[in-house]
1. For labels at residue 98 and residue 63 in the simple 7 Å Cα→Cβ model, what's the distance in nm?
2. Can you pull the one-decimal nm distance between simple spin-label points at residue 155 and residue 32, each 7 Å off the Cα toward Cβ?
3. Projecting each Cα onto the charge dipole of the chain (Lys/Arg +1, Asp/Glu -1 at the beta carbon, about the Cα centre), which of 20, 139, 200 comes out farthest on the positive side?
4. For residue 85 paired with residue 191, estimate the spin-label separation in nm (one decimal), with each label point 7 Å from Cα along the Cα-to-Cβ line.
5. Mind jotting down the three principal axis lengths of region 23-143 based on Cα atoms? Whole angstrom, largest first.
6. Would you work out which of 100, 51, 41 lies farthest towards the positive end of the dipole of the chain, given +1 charges on the beta-carbon of Lys and Arg and -1 on that of Asp and Glu, about the Cα centre?
7. Keeping every protein chain present and rolling a 1.4 Å probe, give me the accessible area per residue for region 1-121 in Å².
8. Looking only at the chain, where both bridge partners belong to it, what percent of the DSSP beta bridges are antiparallel (to the nearest 5)?
Amino acid sequence: MYTLYYSPGAASLLPHLLLLEIGAAHELRRVDIQAGDNRTPEYLSLNPNGAVPTLIVDGQACAETAALLLLLCERHPEAGLAPAVGTPTRAAFLQGVLFLANTLQPTFRLWFYPSDAGAVDEDALRQGLRKRIERCFDQLAGQLGDGRPYLLGEQPSALDFYATMLMRWSRNMPRPATEWPALKALADRIRARPSWQRLYEIEGLTEWT
């Protein structure tokens, strides 16, 4: 049994989605960020950064979105969400996960919270961040340029779910990810899955269905 601390539509969407894909027993504990639930002493004792997600695994609090992705794939190899060690696509999988975690996700963080960068011209900052996000989308679309349905080939992996969560975050940007035809096709495939639809029901999400 896992326990996932989540906030609807936040980065916790990814481990929640993977838990549903895996079919692993879990319970959910909602964190109301606007109410400051993530800054209570109780929550900070689990996640000192006050961020979501936090996943309780065998009584231990684990954090960081990409780390939870890798952990769940490792613990549930039968789900087929990651290439096995030593297989031809393993390196591309790891590279893709770290690209999303180190390049695209932090850029979104600053797009939504430009004040985190300190005393800067927020409009100028956002212009630069938009270009960086769009370059990332160019790169992801390029991986799909040979007509493959998923980032690693014919079968979906956790990498596709991660990318789709981040594409969802672009839905209100000047150029959302769905304006790249290959990315829209990928997002449509993931959004059609029962796990995505079930997550929307549970988290009460309505946009970008």
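The values are calculated or read from the model by the stated rules, or taken from the named source; none is laboratory data. The model shown is predicted, which means the values in this text are computed figures rather than measured ones. FYI the Cβ positions are ideal-geometry reconstructions off the backbone, even for glycines, and counts take in every protein chain you see. Surface areas here come from the heavy atoms of the whole protein model, side chains and all, with no ligands, DNA or RNA. Shrake-Rupley method; radii C 1.70, N 1.55, O 1.52, S 1.80 Å.
1. Here the modelled spin labels are 2.2 nm apart.
2. Using points 7 Å along Cα→Cβ, the separation is 4.3 nm.
3. Highest projection toward the positive end goes to 139.
4. Spacing of the two 7 Å Cα→Cβ label points: 3.8 nm.
5. Extents along the principal axes: 48, 43, 19 Å.
6. 100
7. 51
8. 60
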